[in-house]
Structure formats: structure tokens, C-alpha cells
Amino acid sequence: MYREHIRLLDTISIKKKSKLLEVTGKQLHISTINRLHINKMGNQKLYKGSLQTIILKLLATNDKMYGYEITQKVKELTKGELKITEGALYPALHKLEADGLLDVEVAKVGNRLRKYYKLTESGTKETANKLEEMQEFLKTMQHLVNPKFSFD
């Protein structure tokens, strides 16, 4: 279903009042489109499978962070190349929390409550595993796409 809609994205029109998207005669709720993480940048799809690893690495480096801070740090580190949407970030954070990899601290900032995410002990171990997996993946991809300039 999603692939069909991705192929037809050039015909999308947004209906603001109903918050529905119309894709060549079919309607798709806006939150469904958000979950697809569709964006004008072509590399966005490549980053999608790495979101959990990115979050874990940031939290390992920065101790604790809140959601918006994570999105801004990623944007800064990638010089705007990668923009994580709320529709992508919060489900990933909730999954990592449910898997026991993150703890949540709630703090009052001004008149608002802010959720800070930080790694659990399991999260720290999993971060090391995910980073090792990512390095192996990148090495393999380098062998495939440009064997002359591989890291080995």
C-alpha cells in the first residue's frame, strides 16, 4: 500500500481542513504520510533505517536530551541534510523506551513539562552493538559501491 502511494506522490494535494491527503483519488490520513517520512531530500530514505542508532549515539554522547533538542542536534551535525520529523522521532523514542533502552525524566521548564531521554545500562550496551553493526554495514557498502576506495 505505501509503495503505491510513494510512486504517486507527485499528484498529492493537501486538504488543510480535513487533514487528509488525496493521492490520485485515494485518501490517506496525514499521520500515515508522516510515518512514511517523505521529504524532498533523496537521502532521507537511506537514513530511515538508522534512526534508532542515531538517537542512541546522540544520547551516549550527550547524557540526556529532549525530543526537539535531538532533532536540532541532528540537523546541526548533518548541516541540514537530515531533518527528523516528530512523526519519526517520537515513535522511535517510545520503542526504545519500551525495549528498556531509554529512561525518561520529566522536568518542569517554565510552565511546561519536558521529557528528557537518557540511556539505561542496556541502552549503553545496545548503542555499542548498533554502532559496531553500522560500521560493518558501511564497510560492506563501501566494498560494493567503490571497491577501489574501501577501508580495508
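One table, with the values for the structure above:
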| quantity | calculated |
| --- | --- |
| Among (1) modelled with pLDDT under 70; (2) exposed (fewer than 13 other Cβ atoms within 10 Å of the Cβ) - the single one residue 39 does not satisfy | (2) |
| Any hit, segment 110-129, residues being under 18 Å from residue 49 (Cα atoms), out of contact with any His (no Cβ under 8 Å at 6 or more places or on another chain) and among the polar types (S, T, N, Q) | yes |
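Here is a yes/no grid of residues against (1) at pLDDT 50 or above; (2) assigned by TED's automatic domain parsing to the domain that holds residue 122; (3) out of contact with any Phe, Trp or Tyr (no Cβ under 7 Å at 6 or more places or on another chain):
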position	(1), (2), (3)
14	no, no, yes
19	no, no, yes
53	yes, yes, yes
62	yes, yes, yes
67	yes, yes, no
77	yes, yes, yes
84	yes, yes, yes
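The values are calculated or read from the model by the stated rules, or taken from the named source; none is laboratory data. Just so it is clear, the model here is predicted, and its values are computed rather than measured. Quick reminder, even Gly has a Cβ in these numbers, built from the backbone with ideal geometry, and neighbours come from all protein chains shown.
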